[in-house]
Each structure stands twice: as C-alpha cells, then as structure tokens.
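The values are calculated or read from the model by the stated rules, or taken from the named source; none is laboratory data. Keep in mind that what you see is a predicted model, and the values were worked out from it rather than measured. Cβ placement follows ideal geometry from the backbone for every residue including glycine, while neighbour counts extend to all protein chains displayed. Heads up: the accessible areas ignore ligands, DNA and RNA and are worked out on the full protein's heavy atoms, side chains in. Shrake-Rupley method; radii C 1.70, N 1.55, O 1.52, S 1.80 Å.
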Protein chains: 4
Amino acid sequence: MSNQYLLTLQCLDGPGLIKGVADVLLAYGANIVEQAQFTDPEAQLFCLRTRFETDNDDVIAMRASLVERLTHREVAVSLRRADVNRRVIVLVSKADHCLEDLLYRHKLGELRLDIPVVVSNHDTLRPVAERYGIPFVVLPVTAETRRTQEAAILQLVSEHAADGVVLARYMQILSDEFCAQLPKRIINIHHSFLPGFKGARPYHQAHERGVKIIGATAHFVTADLDEGPIIEQDVQRVAHNYSADDLVAIGRDIERRVLSRAVGLFAEDRVFLIGSRTIVFA
Amino acid sequence: MSNQYLLTLQCLDGPGLIKGVADVLLAYGANIVEQAQFTDPEAQLFCLRTRFETDNDDVIAMRASLVERLTHREVAVSLRRADVNRRVIVLVSKADHCLEDLLYRHKLGELRLDIPVVVSNHDTLRPVAERYGIPFVVLPVTAETRRTQEAAILQLVSEHAADGVVLARYMQILSDEFCAQLPKRIINIHHSFLPGFKGARPYHQAHERGVKIIGATAHFVTADLDEGPIIEQDVQRVAHNYSADDLVAIGRDIERRVLSRAVGLFAEDRVFLIGSRTIVFA
Amino acid sequence: MSNQYLLTLQCLDGPGLIKGVADVLLAYGANIVEQAQFTDPEAQLFCLRTRFETDNDDVIAMRASLVERLTHREVAVSLRRADVNRRVIVLVSKADHCLEDLLYRHKLGELRLDIPVVVSNHDTLRPVAERYGIPFVVLPVTAETRRTQEAAILQLVSEHAADGVVLARYMQILSDEFCAQLPKRIINIHHSFLPGFKGARPYHQAHERGVKIIGATAHFVTADLDEGPIIEQDVQRVAHNYSADDLVAIGRDIERRVLSRAVGLFAEDRVFLIGSRTIVFA
Amino acid sequence: MSNQYLLTLQCLDGPGLIKGVADVLLAYGANIVEQAQFTDPEAQLFCLRTRFETDNDDVIAMRASLVERLTHREVAVSLRRADVNRRVIVLVSKADHCLEDLLYRHKLGELRLDIPVVVSNHDTLRPVAERYGIPFVVLPVTAETRRTQEAAILQLVSEHAADGVVLARYMQILSDEFCAQLPKRIINIHHSFLPGFKGARPYHQAHERGVKIIGATAHFVTADLDEGPIIEQDVQRVAHNYSADDLVAIGRDIERRVLSRAVGLFAEDRVFLIGSRTIVFA
C-alpha cells in the first residue's frame, strides 16, 4: 500500500473505542502496522497511537470519520501522513552543544522532522545553522522588549506552521502568556535531573554535594508549572575526582542526548500529556 | 466491571485484525484497558497483547469467538483471567542466588505467578524452598539416567499444569528432546552478556580480557539454537581492580535481577517469539 | 608475606606526605599492593588509602610511627589488618528487603564485615536475623522513650565495638544527639535519588510527576545536615505504564543494591568525608 | 607552584617503589596532587600514575633520577608537563560521527590533546577537519599500495611527533607490521560490545538476534590479537520495535561517546597495559 499514516487520539475512556477506530480505519482499507494504547487508571483517559497503511489518501475524510465516530467523548485526534514531517523552530542563545547535536542528527535522518528556522537572541550560532543550510533569525531581547520579541517568535511559529518550539539552551525565561499560547508544544532541556538542585549552577551544586550520578531532563514548558511534564531523562555516573568543570562537560553530553531523544519522540507523535505527566510510547 | 482478562494473539498480518478482535471483545461487553501491538515487518507477523475488563466470565466462549473470527489466519490465541496466575516449575542445582531472589519477589507479590514445586538434582537448596513453603523435589541425574530424569520433570510439568520451566542456575544440559517438548516455555539465565565468552568460567575470561562492563542474559531454551531467543539482558560497569571473584559476585547480582525480570515478563504474557528473536511488551 | 594491612589517612595537604608514609612503611618491611590518593583542591585535604603486605605484625607500633611522622598535620590515621573485619550494627523496622540483602551477601562473603547484632523497634524481622545466626534485639521506641532507647543502641555499639551503624529501612528519626555521637559512622538508605522529592511516599510523587528514572541514595547521617554526605546512588529507568506500586517494587530493588554497595565500601575503608561530600576510592 | 607534571610508571613489583618515587619527587620539591596505583596480582606488575606540582622545571633531570632510582626493575617511565598535550593523528574514511565528536570536544577543551592532522583514504571529510582548522591529508589505499600508504602514515606520525593514532571509523585493516610499529598507541572503535557479533553488519546481526542492549568498544590495536585490549565500553538498551537502521543510529551514538572517552583517557595518561588487558585510572 502506498501511504503510511500516523494517528494519535486521546479521549475519556469507555467501551468500544478501539473497535470504533478499527471500524473507521477498515472502512478506509487500512492495515494497522503498529499500535500502542494506554488508559490512565486515575484520569480514565484513553491514549492511542496507531501507524497504518492504506491506498486511500483522503486524510480529511478519514479524520472527520474518526471524530464523528468518537465525538461524544471529546476526542483529540491527530492524523497525518507519516512522511509529512513535524516542523519545529529551535530557539538558542550562545551555547552550541544542543543545537549542533540536533542539526547533526537531523542531517543524518535520525530526527525525522523539519527545522524551518533557528531563532536566537544572539548572533553567535549563526554559522552553525548556516552550515546546515537552515535560516537563522536574530531576535534580541531585553526586559522591555520581551513582549514584542515573543510576539515575533509567535509570528515565526505561525508563518512556518511549526508544530513545536525547542528550547536548545535558550537562556531566556518565556512569559506565561507565551507558554499559554503553545501548550504541549514547547520542549525545554533542564540542566539537572528533576527533581533537582534549584537555582543557578546546578553542576556546581552537584559537585559540592558530592553526588555520584548527574542527569538532565527534557520537559514540556507550561505556564503554570515551575518544571513542566517530563518527556525524557538520562544520567551518568561521576566520581569525587571530577571537578565542577568536568561535571559541566558531562552535563553537556547528557543534555544534548536527552533533548535530541525528546525531540525525536515529539517528532514521531509518541508523547501524550495527562495532567502533569507524560505518556511516552517509545 | 468484575473481571480482568489477558489476551495475547499472534498471526499472519493483514487488514481487519484489530477490528476483528475489537468486534469480538465489544460483543462480550469488554473495555480494553491496555493494548500493545507490533507487526514484524520482515516476518509479517502480527502480535497483540490486550488487557480488558468485562462482566462476562465465559472465557471459553470468548476464546472460541476470537479463534472463529480469525481462523483463516492460523492464529495463536491465549486468553485467561488476569488473576489466574501463570505456573512455573523452577529447576536449580546448588547455587542459591537466583532461587532466593525469585522466591523472595514471589513472596512480596512482585512476581505474579505460582510456583508449585522446585526441582533439583541435589538436596542442597531444600531449606530455601521449604522456608517459602514450596515443595522441593530431588531428581538426581547422571549421563545414564538423563532420559528417565527428564521424563520425571516432564511428568511434574504435566501434573502441575505448569506453563513454564525456569532454569535458575540449573547446571545440567537438557536434551534436545526435552526442549522440543516445551517450546517457548523454558527460560534460562546465561552467565554472560550474549554474544559472550564461550565455555566455562565466563567471568574469569572477562577478567582476563579486562572488559569494562559485564552482563547476563535470560533467554528461551530451544532444541536447535545454541543460545535461544533473548528475553532480557542487563549489564554493570566494572574496573581493573575488580578480581575475577568480584566479577563472579557482581555476575550473581546481574543474573538474579535479569532472570527475575524475564520470569516476570513471561508471567504477564509480555513475551512473544518471532523466529530467533522476542517481542517484549514491557 | 603473611599479613595484609589497610591504612587510611587524612590530613592537610603539603609536600612529603606520600614519602612520609612510604618511609614508615618501608621501615616495617612493607610492600604496597594498592594505593589510592586524592587531594581536594578546595579544602586542601589529602586522602590516602593503602593496602600493603608485611611480615611485621606490630600494628600499634606502625600506627604510632605514622602518627609521629605526620603529627604536625593533624592527621587522622586508621590502620588495621585487612582480615580483621569492620563491625556494624544493623537497625531495621518492619521492611525486610535491605536486611535480607545485607545478610545474604554477608553469608556469601561478598560483604567483608561482621554483624554482631541486628536491632529493631519491632519483633517482625527476628526470623530473618536468626536464620542467618545473628542475634536480634528488640528496642521498642516511643516519643517518650527515645532518649532511653537511643542510649541502649549506643550501649550496644559500645559493647560490640561496632565501627558503624547501618539504617536498613529503620523508620525512626534519630536524635541529633545520637547522630553527633557517631559521626561518619551511621549509614542510611534514602528512598529517593537525591536531591529528591521531599516528604512521604516519594515513589508516589515520582509517579505523579511521571519521572522516567527513579533512584535511591545511601548517605552518612549527620546531626546538622538534612541529608548527609552521599556515599552511593543508583537509578533505574521506568515508564508511564508502571503503577506507583511498580515503582515501589523497583525502589526496593534499587534501595537494597545501593545500601549493600555503600556498606561494602564502608567495610573496606573506601569512604572519606570532606565537608558535606565523600571521597570514594571504589 | 608553577608547574604541574604527569608521571606514569610501570615495573615489576617489589618493596620500596612508592617510597623510591616519593624520595625522588621530594628531592625536586614536588607536592603530589593525585596518585593512583595498582599492582596486578597475577603479573606482579606495578602501575603508578602521579600528578604533582613543583617549581622545578628540569623534566629531563627528574626523569633520569627516577630511572636511576628504579633501574633495577626494568621500569617504563613517562614524565611530562601536564600542560604539554599528547598529540594524536586521527584516521578516518567516510563516516563522520566519530570525527565530528572528537573535534567538537577538542574545540570545547574537553579533550586535552593536540590533533596536528586528520588523515583519510577519501576526501569526503575534508570540510569537517577544515572547519575546525585542522590540516587534512588524503592517502588513498588499495591492496597494492597498502605498504606505501602505511609508510606515509608512519611518516606523518614521526613528523608530527604523534603519541598515538586514533582510528575514528577508519575502514581499512592495518597490516601487522604497521601495528607492531606503534604498540599501545593505536586506538580503534569497534562497532560492537566485545565479545561481539563477528563479521560485517553487527547491528543487523544484533537486530536478528533481538538483543536488548547494544554497545561499542574502544580498544588498542595489536598485531597479534584479533581484538586488542579494551579501553572503554558502553551500552544502550534497545527494544523489539527498533529497526536495524535504528540500531545503526544508536550505535553511532555509542561509538562516538566511547571513542571520545577512550581518547580522553589516553590523552591524560590514564591507560596502562598488562598483557591483554588495560588498567584504567579513570
């Protein structure tokens, strides 16, 4: 069959959901290739991710049929051709390790997504973006211009029809208003294993406390949560003879790995959100 | 709803499978709680694991309906109440670490399975089994008596309606005939990360080669494969100042952890077999 | 040579320290088998762990010579025959997983230490201790009797010449006075990766936040620190379909592993303390 | 003190070695900052790595004094200023992931070494090297020209006074003669966890066997060993729904990480060789 599709669906649980989806898909001649499902026992929320093949190419009709069939359940449906990539805008400041890693993996085809533009409050990383042939836009920001600058970012999100925004060590705090505009669509890399050391210089704090393992956390950014829902985490063992600088270097390594994994999961529609926690069909 | 069921299903892929299952389940008033599916792209084999709830308690009718609906696909169906445990017989020799761990987790309820009997070619571990209130049977074995002894084991498997046999450091090689009687039902713990050092004393070989990580592998035992399909593996970092004895001690730790995890996955019907590799819905 | 010794030494840094030690040891005919050294760059504290062999068996004279040679540096010296085990008293309440693991490894010889007595505020775990042939003492405690009970524990520490106290899921908070009596000698297992979720039921908190990795931390207990210096930590990856109970079960696994490792490091004099962090010659 | 030095030393074990070194160093006014020592119990070989500070800057005299003092033990001594970097030549073919990672970490200062030249049998990666300002030399090779090409590489090693050669996915087999010229000085990254799948396409083999963990191994290249002494290894967990291509991508990630770590250990003189295994003072 010529077309692969990715379907994700979230709604209140109840009998007949999988059958409802299967009925609709079969009516469109679909064969399900991969299906993962989870119902959260507390929230009674049903999450489904399905990859299927069909010769039919009328996405709009398929989506409408699904919504119609499940409409009584306030369903959230996403359906797209698997070869139409998610699009994300990457925000950076001066540190290059996460950006380099994202663009390198993107070039290799490991990350199946489109990056229409890299945005920064500094000009520092322009050569990195341009080396990979990706437009680079500088939007400087001060306390006074934050509102305008964020509006410009939102404008870029809209222009490029971006599905998400990746904060790849973007060292600015985004306003609650901005975050509220893009729920479940902003991914940040936190330079600590959450729950972690609060405040600045977490690797130095980790060094002072003599932790034996350090980590990093990729999470969604939300307006009302200090640290949003966790998408991915990873850690590495360290020892007493590692200096704070060594920990910073290892931290860079974990950060880039964790962020790239989280972005890859997002790009393949594998991340669902239930309250303050994620469901990840890895 | 009062009853939870576990359904696993494997057959040739094709359109309508998930719908077929969903149709049947809904006809029995079922609500699907958790569903994992995977189709192997090379073998074109469809694997499904479903946990569902229903007030209906006619397992036999449900299973028959499923088989009938999918019969053209040479389907392998397993359906059981989730609270009716899998039953495994544990085979041991003299080393106690895997047995202790299995029985301890079993006692805590971490391993949801029944262990009707522990069998050994030695009397050494009788106190361990008896402490946990599990019958212990000694079936000594020599080259000459192997056939008889294995027949006695098979007899126990049959008597106790055991779903599987766990080799918890059982230091005898089972005959191909024995293994062929219990396909996909014998789980072994291999004292090496596979592919690994061949022959005896793998931890000493690992020490001589100065490996930096050691591991262990739980796998199905098959008649025709030297090392059967891998169910679970784990590793631990080691260093030059670890003696071969230290590696043996660490190996014990990995072995018991890996075997217990593999047995737990088996006990919850999470392991499927496609050719020489497993599908594990963890 | 017939005797192996373990020497640890901590003092202000300065030239000639290793030579000073080497001079003394050579004067006693010693051959150094293993030596690890670290000087903390901030605190300017020198830490040394040496394992050596000699035919000489006058420990007292050797220790005196070392102290004399380095006396101007306020040196802390520990010297003992390697085959004279450290002695620790284990405190427990009702949860058995850490105690089972410690005693099992002790039986196998993995943990080279002596456990003269297990103490508990409940009678629950008496069978575990007795099975391993270790005396079990019940010292119940209430808010009113805490002072008396702790005095009784200290009395046992003194009677048994214990080097340390291991809190193997001992669910009582020890008074600052008690902790101050045993600096660097009380080891606790914290049911969280530090810095971690505060308060009760950390695994449930972890579940609510949807963390992807959980962990545990073994640390020294100090009077003035909320969470004392970290000795060892470990983690395990988890997923959204793990219930809070699953996390508790995995937590048990990590806790027993981490505590046993920490106790093993302590038993072999591998842990040094500099301010709020440890130096661990693993 | 103005100068930091790195000393490594390997010789037959015997009493007085550490004292001998300490005597000499103190005579030169040295303060030892970090010292790691290990004596292999089977080979009776003593290995020492020492970092020390002194105002003295006569390296040649210090080294001579050390050799003189320990000459009866066939000692191998290396002594250098800590700020005089090791120099390595990097050999590549067409795959860029290891080279990118090495040069990126080198730029950040994580890898404290000099890379005077990158050599390849293809022109493909010239832009990568040049972007980091490192000369790139193409030395094509065929079966007929191998001898000449290897001579040219050795010539570069000699010209640039290189301490080592790093095979960063260099897809040519070096002749035994070449390897014999550079004992303990050639580092290779093996695209498998050793002992591993033999032959080509190891990640595809891993996929077919359904391994649950894949890895990579950095090792010294030796003339007489199929797979030389292991310097560093790492692994990552995978699952059944990872395609062989996914495993290749994850393999790239492990390979670059493991090779960079191994090169870093080599660059800081942390790797010793005893027979077919390494001692790594990490």
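Just a few scattered comments:
- Under Stokes-Einstein, with the Kirkwood radius over Cα pairs as Rh, the value for the protein assembly as shown at 37 °C and 0.692 mPa s is 102 µm²/s.
- Under a 5 Å amide H cut-off, with hydrogens placed 1.01 Å from N, residue A:166 pairs with A:89, A:90, A:91, A:187 among residues at least 5 apart or on other chains.
- Heavy-atom surface analysis with a 1.4 Å probe gives chain D a carbon and sulfur content of 52 percent of its accessible area.
- Karplus-derived 3J(HN,Hα), 6.51/-1.76/1.60, for each residue of the range D:188-193, Hz, glycine and proline x: 10, 10, 9, 7, 6, 7
- Of A:152, A:104, A:215, farthest towards positive along the dipole that unit charges on Lys, Arg, Asp, Glu beta carbons give chain A: A:215
- The figure for residue C:114 is an accessible area of roughly 60 square angstrom, using a 1.4 Å probe on the protein chains alone.
- For chain D, the dipole from Cβ point charges (+1 on Lys and Arg, -1 on Asp and Glu) about the Cα centre works out to 420 debye, to the nearest 20.
- Couplings 3J(HN,Hα) for the range A:7-13, derived from phi with the Karplus relation 6.51 cos²θ - 1.76 cosθ + 1.60 (θ = phi - 60°), are 10, 10, 7, 9, 7, 4, 6 Hz, where x marks Gly and Pro.
- Centroid-to-centroid separation of the range D:102-168 and the range C:112-175 [C-alpha atoms, Å]: 63
- Sorted from nearest, the other copies put their residue D:237 label points 0.5, 1.6, 1.7 nm away, the label point being 7 Å from Cα in the direction of Cβ.
- Coil-residue trypsin sites (Lys or Arg not before Pro) of the range D:55-137, DSSP, other Cβ within 10 Å capped at 15: D:94, D:112
- Residues with amide H under 5 Å from that of residue C:279, placed H, sequence gap 5 or more: C:272, C:273, C:274
- Low-density loop cleavage sites - GluC sites (Glu not before Pro) in the range B:19-90, where at most 15 other Cβ are within 10 Å (DSSP): B:42, B:74
- Cut-off 12 Å between beta-carbons: net charge of the residues surrounding residue B:116, Lys and Arg +1, Asp and Glu -1: -1
- Across the range A:203-220, computed HN-Hα scalar couplings (Karplus, 6.51 cos²θ - 1.76 cosθ + 1.60, θ = phi - 60°) run 5, 6, 4, 4, 5, 4, 7, x, 4, 9, 9, 10, x, 9, 9, 9, 8, 6 Hz from first to last residue, x flagging Gly and Pro.
- At most 10 other Cβ within 10 Å, DSSP loop - GluC sites (Glu not before Pro), the range B:86-185: B:144
- Across the identical copies, the label point of residue C:59 (7 Å from Cα in the Cβ direction) is separated from its matches by 4.5, 6.2, 7.6 nm, in order from shortest.
- Of the residues B:230, B:254, B:213, the one that moves most in a GNM of chain B with alpha-carbon contacts below 10 Å is B:213.
- Shielding by partners - mean other protein chain Cβ count within 10 Å, residues of B:25-33: 5
- Net +/- balance of residues flanking residue C:54 in space, Cβ distance below 15 Å, scoring K and R +1, D and E -1: -3
- Entry note, chain D: relative contact order of 16 percent, from Cα contacts under 8 Å with a spacing of 6+ residues.
- Magnitude of the charge dipole for the protein assembly as shown, about its Cα centre and with charges confined to Cβ atoms of Lys, Arg (+1) and Asp, Glu (-1), is about 0 debye.
- 1.4 Å probe, heavy atoms, protein only - residues of the range C:233-250 losing at least 50 Å² accessible area vs chain alone: C:233, C:237, C:240, C:241
- The range A:3-81 - charge dipole about Cα centre, Lys and Arg +1 at Cβ, Asp and Glu -1, debye rounded to 20: 80
- For the range D:1-125, the relative contact order comes to 29 percent (Cα pairs under 8 Å, sequence separation of at least 6).
- Think of chain B as having a plus end and a minus end, set by charges on the Cβ of Lys, Arg, Asp and Glu; of B:189, B:50, B:174, B:189 sits farthest toward the positive end of this dipole.
- Other-chain or far-sequence residues with amide H under 5 Å of residue C:213's (modelled H): C:238
- C-alpha long axis of helix C:146-159 to longest principal axis of chain C, angle in °: 40
- For the protein assembly as shown, the solvent-accessible area works out to 38 Å² per residue, with a probe of 1.4 Å and every protein chain left in place.
- What the pair-distance distribution of the range A:20-144 shows, using all Cα-Cα distances binned every 5 Å from zero, is 2, 8, 15, 15, 11, 10, 11, 12, 11, 5, 1, 0 percent.
- Each 10 Å bin from 0 upward holds the following percent of the Cα-Cα pairs of the range B:3-81: 19, 58, 21, 2.
- Base-10 log of normalised Debye intensity for the range B:81-193 (one unit scatterer per alpha-carbon) at q = 0.12, 0.19, 0.20 Å⁻¹: -0.39, -1.02, -1.13
- Closest approach to the axis - chain C beta-carbon, rotation onto D, Å: C:22, 2
- Formal net charge of residues neighbouring residue D:152 (Cβ-Cβ distance under 11 Å; K, R +1; D, E -1): 0
- Of all lysines in the structure, the ones whose alpha carbon falls short of 19 Å from that of residue B:94, not counting any fewer than 8 places away in one chain, are C:107.
- Accessible area buried by the pairing of D and C, both sides summed with a 1.4 Å probe, works out to roughly 1600 Å².
- Signed unit charges on C-beta, dipole axis of the range A:1-132, positive-most listed residue A:36, A:18, A:89: A:89
- For chain C, the alpha-carbon radius of gyration amounts to 1.09 times the rule-of-thumb value 2.2 N^0.38 Å expected for a compact globular protein.
- Label spacing, shortest first and in nm, from residue B:123 to its equivalents in the remaining copies (7 angstrom along Cα→Cβ): 3.4, 8.1, 8.8
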